[in-house]
Each structure stands twice: as structure tokens, then as C-alpha cells.
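What follows draws every value from the coordinates through simple rules; no lab data is involved. If you're wondering where the values come from, they're calculated on a predicted model, not measured in any experiment. In this analysis, Cβ positions are derived from the backbone assuming ideal geometry, glycine residues included, and neighbour counts consider all displayed protein chains.
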Amino acid sequence: MTSSSNGTTLQIAHVSKKYGSGSTEVTAVHDVSLSVYPGEIVLIMGPSGSGKTTLLSMLGVLLKPTEGEIHLNSTTISALAESQLPDIRLKQFGFIFQDFNLLSALTALENVAIVTELAGTKSGEARRKAASLLTELGLGERLHFLPEKLSGGEKQRVAIARALVNDPSLILADEPTANLDSKIGHEIMRLLRHIAKEQGRSVVIVSHDQRIKDIADRVLWLEDGEFKETVTMAIDPVCGMSVEREKAVSVDWQGQTYYFCAQGCRDEFLNTSK
Amino acid sequence: MIRLAFRNLFQSKTRLVISVGGVALALLLILALDAVFMGVERRITAYIEHSGADIWVSQEDVLNLHMASSSLTDSTARKVKMVSGVDSVTPIHYVANNIVVGDERNLAYIIGIPEAAKFGGPWRIISGRSLPGEGEAIIDGNVAEKSGIRLGDKVKILGEELEVVGLSEETSSLVNSIAFISMKDFEELRGTYDTISFLLVKVEDGESPALVAARIEAQVRDVTAQTRVDFAGQERKVVKDMSTDLITIMNLIGFLIGLAVMALTIYTSTLSRRREYGMLKALGARNANLYQVVLAQALLSVTLGFFFGLAITLFISFLIPMLGTNLTLVVSPLSLIKVGSASLVIAALSAMLPIRQIAGLDPAMVFRGR
């Protein structure tokens, strides 16, 4: 994993996206800036039509911003020629979609292998790499299953393996838990957290799912194409709950600030720490 | 990407059957028609090819046997015999007429040959004799079977009852057959005592038929001398000239049906996987990668269709002679090359529209198209 000289994986500066012109002009995203660091999970939330999809498309260089710049690991990707973008998408990004988007005719193994083959890996090596990743994600017994034979959670894990197979520095996830039940959704969230914290990848998630707040380091609220509110998340050291720092009960202890879901947890922390 | 094309193709069995079956039937139309005409060509030139002659001598400017009339004087045979390099000369009479059995008339080319002819007679005999004497005839075995004729039965040829003394093979085509009678009977029945139709010339060992033919034309007046190969070539040309328009039209129809079926199935297949192609683009696949998938799918379908069509054609060509018809189907290498090339063109053309569709796909659709 690489990062830019200022330590960020992704940096977007004053990015806007407008559709149409003149009287029909619509601004989908307006003057948005954001920095994402290695190992950080950023959750972008907001109502429908707030510009989340447009922003995600721009972050994944699927859409060019009208104004502003997007930097990925010190490369200004918003300025790259169209012909250079497929390589960037293949090697620098991992995409996870709401409805998994697996190729229905290929097995789980082939769905993952094809992406690394596109990046130039030889077929045998690609299959070995894919098998190893899928096994790591608990799908060792499902390598040769077609997507239609997999459960929702298994499909999403295949999609996550596909997103990771080219060792990208940034994972972009669009509603990764939307089509999953609560238990499987939690599993996927844990997996995303592991990817960020253990592997040092940056993860940007766009979602309506409040549960994802539990694993996010930051939560951004996008409305009318602009970030309206930023919430920084912290983990209660007593009960393990995810809490918003701005609203949580806090205490400074030995030069560090701790955040709690309630007074009770704070008191327990102080009692046990004395 | 080829694996993806293969899997896409075999995932939808119904679509596969429609595309491969449609293309196979369209190519079958072209292959079978070619095979029919090749069979007709082969049967029509069979007598020339098996005559045993190295050179065919005819009346000047008469270049072929069928649908032509050649008349040479008696003395021509002697003059040709004297040309250097000529080993032997066999005169034959030839006319298009009928073999009549009761009310049944079978169109036939009647060949009158000398009783002691070394060549010019039937080359494969199923039963009976291979040379007819006076009052005798040798007819094709298929015609005999169809008309219920056996050895010793009488048939009417050139208005005269003749006894069937031999049954030949490979002497019938879709439209007619060859019957052999003695030269004497032919002359009496037709009144052609002073003329003959063709001369079958055998050259001496080591002589070039082409050079001897040139010598004959130089030394004998009012004749055309062609090697057997050239004479058979002229015969084939007549068949081709007669059938070119029909073959072209049928080939075009076959080609267009194949193209329409393939284009439609490849287009609908691409359309149904539009989202998957968009997703691959979003992940970083280049347009060229996706074109490969579509082209490989089209090529695989057409190749399967081609071999399926060929298998049916070969089966039909094996089956038809067993049904006792005079039709022979011959699948020639040239026809395979032609149909193979047509298949490639079908594959390439049918992939054009889906390729345009893929080129215009916006990869951002993966986030939008819910």
C-alpha cells in the first residue's frame, strides 16, 4: 500500500460535479473536500439524491469532476487521460457493490481470478491467488460454485475477495450491507474493518445503514451535494460500543481522551483504572 | 476472457441451441446445395473421366459433351490415327434420347460404341456384360431398379427394342443416365453411317496429351482436340454457367439467415449482460477485453454451427444414395473453405452491433442502475 507525501491515500479538493448547462444545469456535488488516510474507514451517509452516488463515481474515476482535483497516492487521477483510467481502476481501487455484481456464468474462483488476469496476472497464478483469498474469507468449500448457488453473504465475500485481489490501496463500497440480513451484515462490516485496520487499506463506504457507523472512523453527512456534518467515531473501552465523540461522555486519562456511551461506563472505567 | 465467452455461451442452453441450430441450418443450406451441385458435376463428368481417353476430338468449336452436338466425318478417325504420338482412336456416337420401358420414359445419353472397343464403355458393371453387341444395351442399375428391369428384359432405345445385357453403376445423375448400345445399332437407328460424334484418343506411352492434342488440331482440319482434363473442365463450366445464379441466390439466402440468427442471438445475449459488461468496465476492463468476449462468443457459436451443419450434410450425403435416388452429394474442400469463410464473416458482422453497444456503456452505471 502506498500513500501520498501528506500521508493520505485519497484526497479530494473542492470537487464539484454539474450536469447539463444553462437553465437545465444541476449541481450534484458542490465544492467537496475530503482526505482519507491509510487504514481509515470513512462512511458517507445522506438522503437519496444527495449526491452520494455521483461522489462515489468520481472517487472511483468512473466520472470526471467538473471542478476540483482528486489525488490518489500522489497521482492526480482526475487529470488522467481516459485511456489511463482502466489501469488505475484495476490496480488502485477495489469496488464493492450493493447487489454484488458477480458474473453469473463464472464460478466464485473465476469471478475473482478474472480481475487479476485483467491486470496482467497469468491464468494459473491468478487462480492460485483467487483461491487463497477466497479460502481466507471462509469460502474454501465454495470455490467452484456459481453465484446462483451462493448465499447473499457468500456472494458479498466473493465480491470483497474480487475487490482485494489486485492489492488496492482504496476500497470503495456502495451499500455493502443493503441486501444482507443483520447477522451477515455484521460479518461483512467486521470484514471491512479487518481490511482497513489489519491490512492498512482505506475504505470509503456509501450507505444508509446506521449499523456501519459502528466500524467507521468518520461519518460524513452529504446533503444537497455538500458535506453538512462530520462525526468522528470512537469505541467505548468498557462496553465496546461505537460512539460519536461529539455527543459522548468523555474523560481525559493519562494524556489520552476516552469516550463512553454512558456515565455508567465512564464510572466503571475510572473505578477500574484507579 | 475467452473462458468468460465460453461460459456465457453455455450458460443459456436455449439461446445456444437457437444460435448454433440457426447457423447450422443456414450453413447446411449452403453446404448441401454445393454438395448437390458438386455431385451433379461429378456425375456429369463421370463418363469423360472414366472414358479411358487421353484426348477427346470433336467437331471444331464443340467444347463439351452434354447439351452439344458434334459431327465428324468417318475419315477424321484415320487422319487422327496418323498423327504422331497417337496410339489408338475409338470413335463413339452420342445423342440425348430416352430409355423407354412401357409408358415410362427415362432421359438418357445414348452412347454408341464399337463392339470391340477398348475404352469408351461403362467402367463399373453391377451385373452382366460390359460391352453391348447388336440388339443389346447396357443401362444404369438405378434406372433398371426403378423401372423393374432385369438382365434379359427389353427396353426401347432410339425407337428399337433392345435386350439389357449389362447393368452399370455411377452412370446416372439427378436428371438422366447413360445407356450404351453397339455402334452398328446406333448407325442403323439414327442413319449416321458416314459420321461419328467424338473420337477417344489414347496417346503413346511417354507422350504429353496436351502436345498431341495440339498436333491433332494443327494437322487435322475442322476438329477441336482437348485433353481429358480440359474436356471435363469445359463440361463442369457448362454446369456452373447454368447454375451460378441459383447457387448465388441460395448462398446469399443461407448467408443472410445465418447472419440474422447470429446477430440477433449475440445482440440479445450482450443486451442481457449489459450490467455485467458495465461492471467489468468499472473494475478496469478495457473495451478491447470486452470486444474479445463478444467476438469469441460469436466465433464459438458459428464454429459449432459450422461443424453441426457439416455433420448434417455429411449424414445426408451418406443417407441419400441409400434411398435409391440418383442424387449424389459431394462435400468438396472448396465448399468447406467457402462456407468456413462465410462463417467467419457472419461471426465478425454479428459482433459489430454488440461491440458498438459495449463501446457506449458507461461504467458508472454500476452505481446508478439499481
Total residues in the stretch B:1-29, condition within 14 Å of chain A (Cβ to nearest Cβ) and of a type in the set (Gly, Ala, Ser): 2
Residues that are out of contact with any Leu (no Cβ under 8 Å at 6 or more places or on another chain), more than 14 Å from A:Leu222 (Cα to Cα) and in a strand (DSSP E or B), drawn from the stretch A:9-30: A:Ala13, A:His14, A:Lys18, A:Tyr19, A:Val26
Within the stretch A:235-274, strands (runs of 3 or more DSSP E) holding 2 or more residues that are at negative phi and aliphatic (A, V, I, L, M): A:249-253
Within the stretch B:148-199, considering residues that are in contact (Cβ under 8 Å) with a residue 12 or more places away in the chain and basic (Lys, Arg), the one farthest from B:Gly135 (Cα to Cα): B:Arg150
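Residue by residue, here is whether (1) surrounded by 15 or more Cβ atoms within 10 Å (Cβ to Cβ); (2) touching a residue at least 24 places away in the same chain (Cβ under 8 Å); (3) part of a helix (DSSP H, G or I); (4) not polar (S, T, N, Q) holds:
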{"site": "B:Gln297", "(1), (2), (3), (4)": "yes, yes, yes, no"}
{"site": "B:Leu304", "(1), (2), (3), (4)": "yes, yes, yes, yes"}
{"site": "B:Phe318", "(1), (2), (3), (4)": "no, no, yes, yes"}
{"site": "B:Gln357", "(1), (2), (3), (4)": "yes, yes, yes, no"}
Positions within the stretch A:113-166 being within 30 Å of B:Ala288 (Cβ to Cβ), hydroxyl-bearing (Ser, Thr, Tyr) and either assigned to a helix (DSSP H, G or I) or within 12 Å of chain B (Cβ to nearest Cβ) (or both), in sequence order: A:Thr116, A:Ser123, A:Ser132
Test: A:Thr272 is exposed (fewer than 13 other Cβ atoms within 10 Å of the Cβ), of a type outside the set (Asp, Glu) and under 30 Å from A:Lys18 (Cα atoms): no
Top-ranked residue in the stretch A:217-269 [being exposed (fewer than 15 other Cβ atoms within 10 Å of the Cβ) and acidic (Asp, Glu); ranked as nearest to A:His186 (Cα to Cα)]: A:Glu244
Index of the failed condition, B:Leu329 passing every other in (1) crowded, with 20+ Cβ neighbours inside 10 Å; (2) closer than 16 Å to B:Phe255 by Cα: (2)
Criterion violated by B:Phe307 - all others in (1) within 30 Å of A:Ser83 (Cβ to Cβ); (2) away from chain A (no Cβ under 14 Å); (3) not β-branched (Val, Ile, Thr) satisfied: (1)
Any chance A:Glu40 is more than 18 Å from A:Val203 (Cα to Cα) and of a type in the set (D, E, K, R): no
Residue match in the stretch A:67-82 (condition: facing chain B (nearest Cβ under 10 Å) and free of Cβ contacts under 8 Å to residues at least 40 places away in the same chain): no
Residue among A:Leu103, A:Leu56, A:Leu90 that is within 7 Å of chain B (Cβ to nearest Cβ) and assigned to a loop (DSSP other than H, G, I, E, B): A:Leu103
Elements of type strands (runs of 3 or more DSSP E) in the stretch B:113-205, at least 2 residues being within 29 Å of B:Asp74 (Cβ to Cβ): B:136-140, B:154-157, B:160-168, B:177-182, B:198-203
Index of the failed condition, B:Asn97 passing every other in (1) in contact with a strand residue (DSSP E or B) (Cβ under 7 Å, 6 or more places away or on another chain); (2) within 14 Å of another protein chain (Cβ to nearest Cβ): (2)
The stretch B:240-290, residues that are of a type outside the set (Gly, Ala, Ser), in a helix (DSSP H, G or I) and either touching a strand residue (DSSP E or B) at 6+ places or on another chain (Cβ under 8 Å) or at the interface with chain A (Cβ under 10 Å from one of its Cβ atoms) (or both): B:Arg275, B:Glu276, B:Tyr277, B:Met279, B:Leu280, B:Lys281, B:Leu283, B:Asn287, B:Asn289
Matching residues in the stretch A:176-216 - criterion: being buried (at least 21 other Cβ atoms within 10 Å of the Cβ), touching a strand residue (DSSP E or B) at 6+ places or on another chain (Cβ under 8 Å) and in a loop (DSSP other than H, G, I, E, B): A:Pro176, A:Arg201, A:Ser207, A:Ile215, A:Ala216
